[in-house]
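The values are calculated or read from the model by the stated rules, or taken from the named source; none is laboratory data. Nothing here was measured: the structure is a model prediction, and the numbers come from that model. So basically every Cβ, Gly included, is an ideal-geometry build from the backbone, and we count neighbours across all protein chains shown.
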Amino acid sequence: MRAYVYDDIPGDQRKPHDSGQLVTQDQLKELGVLYWQIPQKDGWEGEIDKVAKERDYKNRDIINVTREGLGEAYESKIKGFFEEHLHEDEEIRYILDGSGFFDVRDHTDKRWVRIAMDAGDLVVLPAGIYHRFTLDEQDKIKAMRLFKVRTRFRIPPRNHGGS
Ligand SMILES: CSCCC(=O)C(=O)O
Ligand SMILES: [Fe+2]
């Protein structure tokens, strides 16, 4: 995982948009974003189960975001993921394969912090944080989604003055 301030330069959302200003794990924690690295090797499921038990995540599923996997739904899914939104509960993702970017609003609510994730990265976005997701130029990701509750509410995207 690598986090940094998003460069806000117009262009393909899949590009890194790396401003070069790194954001540390502690700074992510100040935003309520938690991170674990759980390498994809023997016993990784047990490590996930430990975190799930500790944080009371009762349900999980797998999502495969690829052109092949989603077919016609691909474009609309990609668009929807990248619309700035928040949830009333945490968003928990463990990356099994591929890679992608989670962007979260920082405390100024003006800048994006981009969190570049790949296999073995577990992230928890706190309830109420404005965020979005995009694939990167690899154009595929497979992730485990964990949930405290079965039903998830998504607060519609806001028009944040265009950025
Ligand atoms: C990394 S999984 C795809 C993104 C996603 O599940 C979400 O934005 O809710
Ligand atoms: Fe979300």
Qualifying residue in the stretch 33-47 (condition: part of a strand (DSSP E or B), within 16 Å of ligand 2 (Cβ to nearest atom) and not charged (D, E, K, R)): yes
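Counting residues that are more than 22 Å from K29 (Cβ to Cβ), which strands (runs of 3 or more DSSP E) fully inside the stretch 103-152 reach at least 3?
Strands (runs of 3 or more DSSP E) meeting the threshold: 140-147.
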Restricting to the stretch 101-146, name every residue that is closer than 14 Å to L86 by Cβ, among the charged types (D, E, K, R) and within 10 Å of the chain's Cα centre (by Cα). D103, R132
Within the stretch 41-75, can you find the residues that are within 17 Å of G100 (Cα to Cα) and surrounded by 10 or more Cβ atoms within 10 Å (Cβ to Cβ)? I62, I63, N64, V65, T66, R67, G69, L70, Y74, E75
Is it the case that A127 is of a type outside the set (F, W, Y), within 11 Å of ligand 2 (Cβ to nearest atom) and modelled with pLDDT of 95 or more? yes
Working only within the stretch 77-133, note down all residues that are within 19 Å of V23 (Cα to Cα) and of a type in the set (S, T, Y). S99, T108, Y130
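Quick grid of which residues meet (1) within 12 Å of ligand 1 (Cβ to nearest atom); (2) among the hydroxyl-bearing types (S, T, Y); (3) surrounded by 22 or more Cβ atoms within 10 Å (Cβ to Cβ):
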{"residue": "D97", "(1), (2), (3)": "yes, no, no"}
{"residue": "G100", "(1), (2), (3)": "yes, no, yes"}
{"residue": "D103", "(1), (2), (3)": "yes, no, no"}
{"residue": "M117", "(1), (2), (3)": "yes, no, yes"}
{"residue": "G120", "(1), (2), (3)": "no, no, no"}
{"residue": "L125", "(1), (2), (3)": "yes, no, yes"}
{"residue": "Y130", "(1), (2), (3)": "no, yes, no"}
{"residue": "F133", "(1), (2), (3)": "yes, no, yes"}
For the stretch 80-95, how many residues are more than 10 Å from ligand 2 (Cβ to nearest atom) and basic (K, R)? 0
Answer residue from the stretch 80-92, given it is in contact with a Phe, Trp or Tyr (Cβ under 7 Å, 6 or more places away or on another chain) and either assigned to a loop (DSSP other than H, G, I, E, B) or among the hydroxyl-bearing types (S, T, Y) (or both) and is surrounded by the fewest Cβ atoms within 10 Å (Cβ to Cβ) among those: E88
Give all pairs with beta carbons closer than 7 Å in which a residue from the stretch 9-27 that is on the phi < 0 side of the Ramachandran plot meets a residue that is among the basic types (K, R) and surrounded by 10 or more Cβ atoms within 10 Å (Cβ to Cβ); count only pairs at least 6 apart in sequence or on separate chains. none
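Checking the conditions here, which among T108, T134 is out of contact with any Pro (no Cβ under 8 Å at 6 or more places or on another chain) and at pLDDT below 95? Give the steps one after another, and end with the answer.
On the way: T134 fails: at pLDDT below 95.
Just one listed residue meets the conditions, T108.
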Taking the stretch 1-36, which residues are more than 15 Å from V104 (Cα to Cα) and within 14 Å of the chain's Cα centre (by Cα)? R14, W36
Specify the residue that is modelled with the lowest pLDDT; the eligible residues are those in the stretch 49-79 that are assigned to a loop (DSSP other than H, G, I, E, B) and more than 16 Å from ligand 2 (Cβ to nearest atom). G71
